[in-house]
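Participant: Starting off with a structure, shown below.
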Amino acid sequence: MSTSRVPLAPVERPIDSKPWSKVAPRLRSTVILVSVLPLVASLGIWASSGVDFIVALFAVFLPLQLLGGAIAGFVGYGRRGIADGLLVVVTFFLSAFVLILLLSVVWSVFATGFQALSPHFFFQNNKYVGPTTDLSYGGLGHALVGTILVVFFTTLITVPLGVATAVYITETQGKSRGLIRTMLQAMSGLPSVVAGLFIYSMLIASGVSSYAGYAGSLALVPLMLPTVSRVAEESLRLVPKELRNGALALGAPSWRAFFMVTLPAARSGIVTAILLGIARIIGETAPLLLTIFSNNGTNWNLFSDGMASLPTYLFLNLSFGTDGSIARAWGAAATIMILVAVIFTLARVASAPRKARKAKK
Amino acid sequence: MSLEHATKRDLQMKPYRFADKVFFRVAALAAYSAIIIILLVLIFLLQRAYPAFEQQGILAFATGVGWDSSVEPQIFRIGPQLYGTLLIAALATVIAVPMAISIAYFIVFIAPRFLATSAIILIDFLAAIPSVVIGLWGLIVFGPVAVGWAETLHEAFGWIPIFSHDAGTFANSPFIASLVLGIMIVPIISSVTREIFSQMDQEVIKAAIAMGANRESTLRKVILPTSAGGIVGGILLAFGRAMGETVAIYFVLNLVYDKVNWFEILNPEGGNVASLVLSKFGEASQTEIEALMAAGVVLFVVTLIVNALASFIVNRAQPWRNV
């Protein structure tokens, strides 16, 4: 191939060498250039001509950046690199666009919501609070209690059901696995408001019960069950067959093989399943509005009287629409998000790989 | 003791120990609860909704227009709401899918590991933002911004019929509702997609790269076809979520009852069955509640059809999953 022969001495390749991750200097400078230029150009056009930001973003920045990506791809990898460059630009653009919007949700909740938060906001209830009462009085303590009770009761019912369903689908050779799976799929599409209507017609319209916390919990069960069982099923499915068969071959009965081998192996997945289930229902509003309505006082009893919950508290305050009540709604939103964040952190810790925890000891 | 030769027997998976029988029976019972719940939902809703169906006629109820409890005989038809539900959910899905797949692709195949780990946590967290919080944000923060977008869209593309606009305000239109919904379902789709991407057989991707494929052709020819079934499943899951979504839309959509808004997505005239139930439930009379129950039945049946379609597609795309 090459005309001049270079004496080749065997060279030991360093273990951590990554020749593929080296970027040619020319490509690197092109990449930097094409990432900066469109930004500068579109910022300049936006600032000087005064067009809408969104127009500048889509009509100026995006085409320029696409062109830049194509050029960088061409410089780096020739004609076949053009598509790569475009792909990377589109990926970055779309991801960043929607991430900024989603982060704006989080940011506005915390920035606005924290103004409403104060110790008494968590401990006091909504008695004697009207739409115009200012924030120095009253809070969502009653709603916090309600949400925790309702969600706890739902979890208590749903998690054993969901995990056992997943066991039926993955571990047994039962005949109706396909049917069960279809039913769960159907249930996962059950609109939350229909779940509320269902419990309303079953318990409340038929006169079995009046508005009560447990009715809300029951309305949340069909919403949580598919999430729990689907995620649990996925995680049980991921456990290698060899482990399970190994346990069975050693003479373990199926239930021991499940509880001592499969379940521990899938532990983090099961925890994730419970977590995602809770996260799925903690903000459900419509079913609770239809089944437990609300309450301005604190109610510790799941089985009698209406009960407030964080989502319904948020909803009703937002519906009032006065400045004070909207501030309370933001406070409730911040509280819900804090709860979700706490659940997430707990689950992360619980499902952290065992190796990492042993290393810490 | 004489040794008898072993008799040939069939290996079978049937549990033979008592404890195993109990274990499997409990699992089966729990699994059948799914069927029982679905049946209960249908039975109780149908029982309550029957008078409304009888009075209005099923087809007229689902496709007709008008919702008025003050005239005699009362008119309860949910045609505009049903169509609006489908339209908004479809638009939201169309908006969300490219973004969601981009995020998943970025996390799994482009981002360095530390960035990917934090992005995964972030996406999972965002997927858990409750819809009522999204509704609050959509009404107060995002709504005014999106009104500006809608105006721009109308000025630039107003000659295309779907972007025409003849009502007073740009707020509370199906366009804004579907943007809010789309943003809400992005994390759902992208966490499913990411899961599928990261569980893909890495050898296949490495093989493609070794054969000289570039990023784009690996994505188009290897990654997407391999994971298509799962992604479609995730998308339909999110579509189902979007159809049944109540509170996120309730605050950002103006309902019309007496006409179907076929395609003018910038006009503040939309429809949504779930929002209808929520907005009418408070002051509803007995017959109106029956009609709302009937609306719930229709919504449930439609989501059932969508989901049946979804599982059919997923099963066709991933036949190995049902083995």
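Coordinate-derived values only; no laboratory data. Predicted, not measured: the structure shown is a model, and the values here were computed from it. Please note: Cβ atoms are built from the backbone with ideal geometry, for glycine as well, and neighbour counts cover all protein chains shown.
Participant: Residue-wise, which Karplus ³J(HN,Hα) couplings in Hz belong to the stretch B:209-218, taking 6.51 cos²θ - 1.76 cosθ + 1.60, θ = phi - 60°, and x for glycine or proline?
Facilitator: Coupling constants for the stretch B:209-218: 5, 5, 7, x, 6, 9, 3, 5, 6, 5 Hz.
Participant: Using the eigenvalues of the Cα gyration tensor, what equivalent ellipsoid semi-axes result for the stretch B:111-218 when each is taken as the square root of five times the eigenvalue, whole Å, largest first?
Facilitator: 38, 21, 10
Participant: Here's a follow-up. Can you work out the base-10 log of I(q)/I(0) for the stretch A:244-314 at q = 0.19 1/Å, using the Debye formula on its C-alpha atoms alone?
Facilitator: -0.78
Participant: Further, regarding this structure: Ordered by residue, what ³J(HN,Hα) values in Hz, to whole numbers, does the stretch A:290-303 give under the Karplus form 6.51 cos²θ - 1.76 cosθ + 1.60, where θ = phi - 60° and Gly and Pro are x?
Facilitator: For the stretch A:290-303, the Karplus-derived couplings read 7, 10, 10, 6, 7, 7, 7, x, 7, 10, 8, 9, 5, 9 Hz, x marking Gly and Pro.
Participant: Report, to the nearest 10°, how far helix B:286-317 tilts away from the longest principal axis of the Cα atoms in chain B, using its own Cα long axis and a range of 0 to 90°.
Facilitator: Relative to chain B, helix B:286-317 is tipped by roughly 40 degrees.
Participant: Computed over the Cα atoms, what is the radius of gyration of chain B divided by 2.2 N^0.38 Å, N being its residue count?
Facilitator: Working it through for chain B, the quotient is 1.27.
Participant: Can you list the HN-Hα couplings for the stretch A:130-140, worked out from phi with the Karplus curve (6.51, -1.76, 1.60; θ = phi - 60°), rounded to whole Hz and with x for Gly and Pro?
Facilitator: x, x, 9, 5, 7, 6, 6, 9, x, x, 10
Participant: Can you give me the Cα centroid spacing of the stretch B:214-229 and the stretch A:137-197 in angstrom?
Facilitator: Computed from Cα coordinates, the inter-centre distance equals 35 Å.
Participant: Find which of A:I343, A:V271, A:T298 sits farthest along the positive direction of the dipole of the stretch A:236-361, computed with +1 on the beta-carbon of Lys and Arg, -1 on that of Asp and Glu, about the Cα centre.
Facilitator: Value: A:V271.
Participant: Once you charge only the Cβ atoms, +1 for Lys and Arg and -1 for Asp and Glu, what is the size of the charge dipole of the protein assembly as shown about its Cα centre, to the nearest 20 debye?
Facilitator: 3660
Participant: Going by amide H atoms built from the backbone, whose H comes under 5 Å of the H on A:T133, apart from near neighbours?
Facilitator: The answer is none.
Participant: With helices defined as uninterrupted DSSP H runs, which ones in chain A have an alpha carbon span along their own long axis of at least 27 Å and mean Kyte-Doolittle hydropathy of at least 0.5?
Facilitator: Helices passing the filter in chain A: A:25-49, A:79-116, A:141-171, A:213-238, A:323-350.
Participant: Can you list which of the trypsin sites (Lys or Arg not before Pro) found in the stretch B:148-220 are DSSP loop residues with at most 10 other C-beta atoms within 10 Å?
Facilitator: none
Participant: In addition: So, in nm, how far is label A:K22 from label A:A96 when the simple model puts each one 7 Å beyond its Cα toward the Cβ?
Facilitator: 2.9
Participant: Would you give the gap between the C-alpha center of the stretch A:263-307 and the C-alpha center of the stretch B:88-159, rounded to a whole Å?
Facilitator: 26
Participant: Sticking with this structure for a sec: What percentages, rounded to whole numbers, describe P(r) for the stretch A:34-180 computed over all alpha carbon pairs with 10 Å bin width beginning at zero?
Facilitator: Bin by bin from 0 Å, the calculated values are 9, 18, 16, 14, 20, 20, 3, 0.
Participant: Over the Cα atoms, compute the radius of gyration (one decimal) and Dmax (the largest Cα-Cα distance, rounded to a whole number) for the stretch A:106-229, in Å.
Facilitator: 19.5, 61
Participant: Still on this structure: Helix B:18-56 versus the longest principal axis of chain B: what is the Cα-based angle in degrees, 0 to 90, to the nearest 10?
Facilitator: 20
Participant: Shifting gears a bit: Rg to Rh ratio, the stretch B:14-131, alpha-carbon atoms and Kirkwood radius?
Facilitator: With Rh from the inverse mean 1/r over Cα pairs, Rg/Rh is 1.21.
Participant: Related question: Once you order the gyration tensor axes a ≥ b ≥ c over the Cα atoms, which shape class does the protein assembly as shown get: rounded for a/c under 1.5, otherwise prolate or oblate by comparing a/b with b/c?
Facilitator: Taking the square roots of the gyration eigenvalues as a ≥ b ≥ c, the protein assembly as shown is oblate.
Participant: Distances longer than 33 Å among the Cα atoms of chain A: what percent of all pairs is that?
Facilitator: 55
Participant: Under a GNM of chain A (C-alpha, springs under 10 Å), which listed residue has the highest mean-square fluctuation: A:S104, A:S206, A:S29?
Facilitator: Greatest mean-square fluctuation among the candidates belongs to A:S29.
Participant: Now a separate question. Calculate for chain A the 222 nm mean residue ellipticity that helices alone would give, adding -39,500 (n - 2.57) per DSSP H run of length 4 or more and normalising by residue count, nearest 500 deg cm²/dmol.
Facilitator: Result for chain A: -22000 deg cm²/dmol, rounded to the nearest 500.
Participant: So what's the back-of-envelope 222 nm ellipticity for chain B, counting only DSSP H runs of four-plus at -39500 (n - 2.57) apiece and dividing by all residues, rounded to 500?
Facilitator: -22000 deg cm²/dmol
Participant: Binning at 10 angstrom from zero up to the longest distance, how are the C-alpha pair distances of the stretch B:216-323 distributed in percent?
Facilitator: 13, 31, 28, 18, 9, 2, 0
Participant: Pop out the Kirkwood hydrodynamic radius of the stretch A:212-361 from its pairwise C-alpha distances, inverse of mean 1/r, in Å to one decimal.
Facilitator: Evaluated on the stretch A:212-361, it is 18.1 Å.
Participant: Moving to a separate point now. What would the Debye formula give as log10 I(q)/I(0) at q = 0.12, 0.15, 0.17, 0.19 Å⁻¹ for the alpha-carbon point model of the stretch A:171-286, no solvent?
Facilitator: Evaluating at q = 0.12, 0.15, 0.17, 0.19 Å⁻¹ gives log10 I(q)/I(0) of -0.57, -0.78, -0.90, -1.00.
Participant: When chain B is treated as a GNM, springs tying every alpha-carbon pair under 10 Å, which of B:D166, B:D258, B:D20 comes out with the largest mean-square fluctuation?
Facilitator: Maximum among the listed residues: B:D20.
Participant: Taking a virtual spin label 7 Å from the Cα of B:S285 along the C-beta vector, which residues in the stretch B:56-76 bring their backbone nitrogen under 20 Å of it?
Facilitator: B:56-57, B:61, B:65-76
Participant: For A:S49 and A:L156, calculate 0.36 nm times their separation in residues minus their Cα-Cα distance, and state this gained length in nm to one decimal.
Facilitator: Net length gain for the segment: 32.6 nm.
Participant: So if I place +1 on the C-beta of Lys and Arg and -1 on the C-beta of Asp and Glu, and nothing else carries charge, what would the dipole magnitude of the stretch A:152-260 be about its Cα centre? I want it in debye, nearest 20.
Facilitator: 260
Participant: On a full-extension model of 0.36 nm per residue, what is the gain between B:S118 and B:S164, subtracting their alpha-carbon distance, rounded to one decimal in nm?
Facilitator: Taking B:S118 through B:S164 to full extension adds about 12.4 nm, to one decimal.
Participant: In Å, the Kirkwood hydrodynamic radius of the stretch B:36-81 over pairs of distinct alpha carbons?
Facilitator: 11.5
Participant: Show me, bin by bin at 5 Å from 0, the whole-percent P(r) of the stretch B:64-120 based on Cα pairs.
Facilitator: Percent of Cα pairs in each bin: 4, 16, 12, 11, 9, 9, 8, 7, 6, 6, 5, 4, 2, 0.
Participant: To continue, here is another question. Please build a GNM for chain B, connecting alpha carbons under 10 Å apart, and tell me which residue among B:F157, B:F263, B:F251 fluctuates the most.
Facilitator: Its mean-square fluctuation being the largest, the pick is B:F157.
Participant: List the equivalent ellipsoid semi-axes of the stretch B:239-292 in whole Å, largest first, each obtained as the square root of 5λ for an eigenvalue λ of the Cα gyration tensor.
Facilitator: 21, 14, 10
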